[in-house]
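The structure appears right after this line, and notes come after that.
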Amino acid sequence: MPAEAVWDAYLQRIGLPSWPAPTVQGVASLVLHHVQAIPFENLSPLLRQPVSLALPDLHRKLVHEQRGGYCYEHNLLFGAALRGLGLRVTNLAARVLWTQPEDAITPRTHMLLQVHFDGAPHIVDVGFGAMTLTGVLRLEPGVQRTPHGDFRLLPEDDGWRMQAMVGNAWRTLYRYDLHPQELPDYEVASYYVSTYPDSFFTQELVAARPIPGARLALRNREYTRYESDGAVRRRRLESAAQLRDVLTGDFGIALPAVEGLDAALDRLPDHG
């Protein structure tokens, strides 16, 4: 099990007293604690700050500085924790289709993990924003329940399609194959999404966090709470002060003390 002091701090950050067993059930508990404690957020790209994928920097930002991050940051940190538990983990890449047509050709800009338990492959993904997995999925077709909704994997000729039940319909989150990825693959994609002028991450604010019984989602000024019973509650945040309050209070983000934060929040578009 991970023994360094930084991993003790990680456990404290996610609210676990000790490491779980390296089983499906144990990792499912680790997943749920991680995603409920460490939010998805893109403040660094929005503020034109560099995003480092080096493990010490991920510990510093997500654990010690009480920040969140996007897919590469979350899944690289979580993958290192799983390897510390002695599990076999393969880094994968996906083409996001969440807001795209089903047949769209998109770049491989998302990271997820394949984890083996007793030789059987499973999927873990703690970094997909408002629809991030809060459980562990078996790599097989069919509907699988998680603490925050039903998901399913559909086999394709060259890989798999990840779908979630949203409202009363299945929606594709992304499609991926099982070709292993290396850190430089992610560094190239991360640099693109965090610096390209037209990238979503450099233009708009997004934050997400699942909590017991609900999912919280912020896009620009639109703050939405999706309840497990299907109720949806939305409100518009009018000012930088209101945005700060929600980011720190509801999402649990220790905002960076950088010049220009309020100006960036004030520039956010009205639409969500």
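Laid out as a table, the results:
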quantity: Number of the condition not met by HIS74 [criteria: (1) under 24 Å from PRO197 (Cα atoms); (2) in contact with a Leu (Cβ under 7 Å, 6 or more places away or on another chain); (3) in a helix (DSSP H, G or I)]; calculated: (2)
quantity: Which listed residue, of TYR223, TYR186, TYR196, TYR176, is of a type in the set (Phe, Trp, Tyr) and over 19 Å from the mean Cα position of the chain (by Cα); calculated: TYR196
quantity: Conditions (1) without any contact (Cβ under 8 Å) to a residue 60 or more places away in the chain; (2) open to solvent by 80 Å² or more (accessible area, probe 1.4 Å); (3) of a type outside the set (A, V, I, L, M); (4) within 25 Å of LEU30 (Cα to Cα); number of the one not met by GLU182; calculated: (1)
quantity: Residue check for PRO101: out of contact with any strand residue (DSSP E or B) (no Cβ under 6 Å at 6 or more places or on another chain), assigned to a strand (DSSP E or B), open to solvent by 40 Å² or more (accessible area, probe 1.4 Å) and not polar (S, T, N, Q); calculated: no
quantity: Test for HIS34: is it surrounded by 18 or more Cβ atoms within 10 Å (Cβ to Cβ) and either among the hydroxyl-bearing types (Ser, Thr, Tyr) or under 25 Å from ARG138 (Cβ atoms) (or both); calculated: yes
quantity: Tabulated pairs, region 235-250, first within 15 Å of GLU41 (Cα to Cα) and in contact (Cβ under 8 Å) with a residue 60 or more places away in the chain, second aromatic (Phe, Trp, Tyr) and part of a loop (DSSP other than H, G, I, E, B), C-beta under 8 angstrom, 6+ apart or interchain; calculated: none
quantity: Any hit, region 88-97, residues being within 19 Å of ALA207 (Cα to Cα) and either in contact with a helix residue (DSSP H, G or I) (Cβ under 7 Å, 6 or more places away or on another chain) or surrounded by fewer than 16 Cβ atoms within 10 Å (Cβ to Cβ) (or both); calculated: no
quantity: Residues within region 108-146 that are modelled with pLDDT of 95 or more, part of a loop (DSSP other than H, G, I, E, B) and either touching a Gly at 6+ places or on another chain (Cβ under 6 Å) or more than 20 Å from PHE40 (Cα to Cα) (or both), tallied; calculated: 3
quantity: All positions within region 188-220 that are touching a Gly at 6+ places or on another chain (Cβ under 6 Å) and either in a helix (DSSP H, G or I) or open to solvent by less than 20 Å² (accessible area, probe 1.4 Å) (or both); calculated: ALA208, ASN220
quantity: Search result, residues across region 44-60 that are open to solvent by less than 20 Å² (accessible area, probe 1.4 Å) and under 20 Å from ALA5 (Cα atoms); calculated: LEU53, LEU58, HIS59
quantity: Extreme residue, nearest to GLU182 (Cα to Cα), among residues of region 114-139 that are over 14 Å from the mean Cα position of the chain (by Cα) and open to solvent by less than 10 Å² (accessible area, probe 1.4 Å); calculated: VAL115
quantity: Number of positions in region 147-173 that are over 19 Å from the mean Cα position of the chain (by Cα) and either assigned to a loop (DSSP other than H, G, I, E, B) or basic (Lys, Arg) (or both); calculated: 4
quantity: Subset of region 185-218 that is of a type in the set (Ser, Thr, Tyr) and in contact with a Pro (Cβ under 6 Å, 6 or more places away or on another chain) - its residue that is farthest from ALA54 (Cα to Cα); calculated: THR202
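For every residue, the table says whether it meets (1) out of contact with any helix residue (DSSP H, G or I) (no Cβ under 9 Å at 6 or more places or on another chain); (2) open to solvent by less than 30 Å² (accessible area, probe 1.4 Å); (3) not in a helix (DSSP H, G or I).
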| position | (1), (2), (3) |
| --- | --- |
| ARG233 | yes, no, yes |
| THR248 | yes, no, no |
| PRO256 | no, yes, yes |
| ASP262 | no, no, no |
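The values are calculated or read from the model by the stated rules, or taken from the named source; none is laboratory data. Note that this is a predicted model, so its numbers are computed, not measured. Quick reminder, even Gly has a Cβ in these numbers, built from the backbone with ideal geometry, and neighbours come from all protein chains shown. Keep in mind that these areas ignore ligands, DNA and RNA; they rest on the heavy atoms of the full protein, side chains included. Shrake-Rupley method; radii C 1.70, N 1.55, O 1.52, S 1.80 Å.
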